[in-house]
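See below for the structure under consideration.
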Amino acid sequence: MRLLAAIGALCFLATGSLATAQVQVSAQTERSDFLLYERVDLVVTVVNAGENDLVLDNSEGHPWLSFLVSKHNRLPVRQERESTFKSVSLKVGETKTLRINLTPLFSFREEGDYTAAAVIDLPGEGQIISDSVPFTVLKGRQVWSETRPVDGTQRVYSLVRFSPQPDLTKLYLRVEDPSENTVLTNLALGDVVAYIDPDVSFDPQGNLHVIQPIAMSTYLYTRANPAGKIVHQGIFKSAPMAGLPGKVPPRLSKLDDGSVVVLGGEEEDPNTPRETLSEGQKSAGGPVEKKIDAPAVDSSPAPTVGQGPALPPAPVAGP
């Protein structure tokens, strides 16, 4: 029995060394802190260090790429969604980099410290495991929340402050459906000035309007539909307003019919789409819970009052 065990160990070492010689894999995250339910991207780099071209695929019934995720106490985190990745071809010496969103696969529900590693399965040769990458999931600070009926369910809308980097604070929009235990949207709207809360209002169609300060006399306006998808963003500057001294910052106001407009301020470059949005939580291999992507941002200007006649809200996509 000891002889058989020794032979088995030698065989494992041999296949492991062959696999390592053929392929090299590394993994990293672009930052170390993530908001709860935010997408956690693992950047996986694969190098063909062998002497032959290589195709990584799922031909033998095993996914060629998988992941090992653990919590700070080294307890493994169970994968909740199957992942099937397209095959990857690597010529001799070629390097390819993949960006994989782990959140749809593992649905991190608790804050805490985690580690993740990428695993490549080479049929007949063994597995190669990257070094473990540490990252932290945090709750952030909720600054506003409201529950509203939508399509026969109660949706919870929240704005959360979170600092993905020590010198940067962003405002996140989260839309949840508690009856389905699902987060529909969890994405960054843009930077926000510390200690100044946003101005928030709903219109009769259920669209959410948000104004947040991002710098001195500078504000970011966002309009989102009931599903939390962004349909317009624009930058406003404080501006003179008839009958009032000095420059007036923009704020949200409701008209008699319930429509929401921006009162005061002046929108800059209304035809330039903003690029401050995250993509939300994309699925990594098909639709899953807790994921809805942010759409392309509409370039129509925000409805305003104070610099001219009131404009009606721009049409938005349905939920």
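The values are calculated or read from the model by the stated rules, or taken from the named source; none is laboratory data. In this text the structure is predicted, and so the values were computed from the model without any measurement. Here the Cβ positions follow ideal geometry from the backbone for every residue, glycine too, while neighbour counts run over all protein chains shown. Heads up: the accessible areas ignore ligands, DNA and RNA and are worked out on the full protein's heavy atoms, side chains in. Shrake-Rupley method; radii C 1.70, N 1.55, O 1.52, S 1.80 Å.
Here G124 meets the list (1) farther than 30 Å from N207 by Cβ; (2) at pLDDT 95 or above almost entirely, failing just condition (2). Could you list all residues from the stretch 120-139 that are within 23 Å of V43 (Cβ to Cβ) and under 20 Å from the mean Cα position of the chain (by Cα)? Within the stretch 120-139, V133, P134, F135, T136, V137, L138 meet the criteria.
Note on the stretch 58-157: enclosed strands (runs of 3 or more DSSP E) holding 3 or more residues that are open to solvent by 60 Å² or more (accessible area, probe 1.4 Å) are 95-101, 141-150. Enumerate the pairs (first residue in the stretch 42-68 and touching a residue at least 12 places away in the same chain (Cβ under 8 Å); second residue anywhere and aromatic (F, W, Y) and not in a loop (DSSP other than H, G, I, E, B)) with beta-carbon separation below 8 Å, excluding pairs fewer than 6 apart on the same chain, so at least 6 apart or on different chains. Partner pairs satisfying both residue conditions: L42/F67; F67/F106. Annotation note: of V40, V69, V92, V47, the sole residue that is hydrophobic (A, V, I, L, M, F, W, C) and either within 15 Å of L122 (Cβ to Cβ) or modelled with pLDDT under 80 (or both) is V47. Residues that are within 22 Å of E268 (Cα to Cα) and open to solvent by 10 Å² or more (accessible area, probe 1.4 Å) within the stretch 219-228 comprise just one, Y219.
Selection of the stretch 158-193 for residues being in contact with a Ser or Thr (Cβ under 7 Å, 6 or more places away or on another chain), outside any strand (DSSP E or B) and surrounded by fewer than 22 Cβ atoms within 10 Å (Cβ to Cβ) yields only S179.
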